[in-house]
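Engineer: Mind having a look at this structure? Questions to follow.
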Amino acid sequence: LVITTHSQTILYTLSFLAYLKPTKEEIRELLESLGIKNERLAEAVEEANKKLVKFYYFHDGRVEEKAVSEVVEGIPGVTDVMDKELKWFSKLYLSRVGKNAGVKS
């Protein structure tokens, strides 16, 4: 199975699953906290923990294999963009909330 994505959410979810290898019980706990009852999914995730998972980083016309531990820590470039994006959204949000702080709806 090959997955390509620009989604940091998918990237970090898969990398943490591959790195931490949660048990069926731990997956079940997460699913229940989300209001999901699916024993088969919890079992499937635990079974998937036995598979070899590789991560590849494509940039500047090159491909690099990355260790799961590197992906969990954050890939330079990806984490830099996320940090800048979150700071930008925060600044934008605060500027708009600040303008409307004295206005009642």
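The values are calculated or read from the model by the stated rules, or taken from the named source; none is laboratory data. Since this is a predicted model, take the numbers as computed values, not measurements. All Cβ positions, glycine included, derive from the backbone under ideal geometry; neighbour counts span all protein chains shown. Quick note on the areas: whole protein, heavy atoms, side chains included, nothing else; ligands and nucleic acids left out. Shrake-Rupley method; radii C 1.70, N 1.55, O 1.52, S 1.80 Å.
Engineer: Can you name the condition, by its number, that residue 68 falls short on among (1) without any contact (Cβ under 8 Å) to a residue 40 or more places away in the chain; (2) in contact with a strand residue (DSSP E or B) (Cβ under 7 Å, 6 or more places away or on another chain); (3) of a type outside the set (Ser, Thr, Tyr)?
Structural biologist: Residue 68 satisfies all of (1) without any contact (Cβ under 8 Å) to a residue 40 or more places away in the chain; (2) in contact with a strand residue (DSSP E or B) (Cβ under 7 Å, 6 or more places away or on another chain); (3) of a type outside the set (Ser, Thr, Tyr) except (1).
Engineer: Let me ask something additional. Looking at 29, 43 in this structure, which one is part of a helix (DSSP H, G or I), modelled with pLDDT of 90 or more and either touching a strand residue (DSSP E or B) at 6+ places or on another chain (Cβ under 6 Å) or open to solvent by less than 90 Å² (accessible area, probe 1.4 Å) (or both)?
Structural biologist: 43
Quick grid of which residues meet (1) under 30 Å from residue 31 (Cα atoms); (2) in contact with a Leu (Cβ under 9 Å, 6 or more places away or on another chain); (3) assigned to a loop (DSSP other than H, G, I, E, B):
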site	(1), (2), (3)
50	yes, no, yes
53	yes, yes, yes
57	yes, no, no
70	yes, no, no
82	yes, no, no
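Engineer: What are the residues in region 54-84 that are aliphatic (A, V, I, L, M) and at pLDDT 90 or above, if any?
Structural biologist: Selection gives 63, 67, 68.
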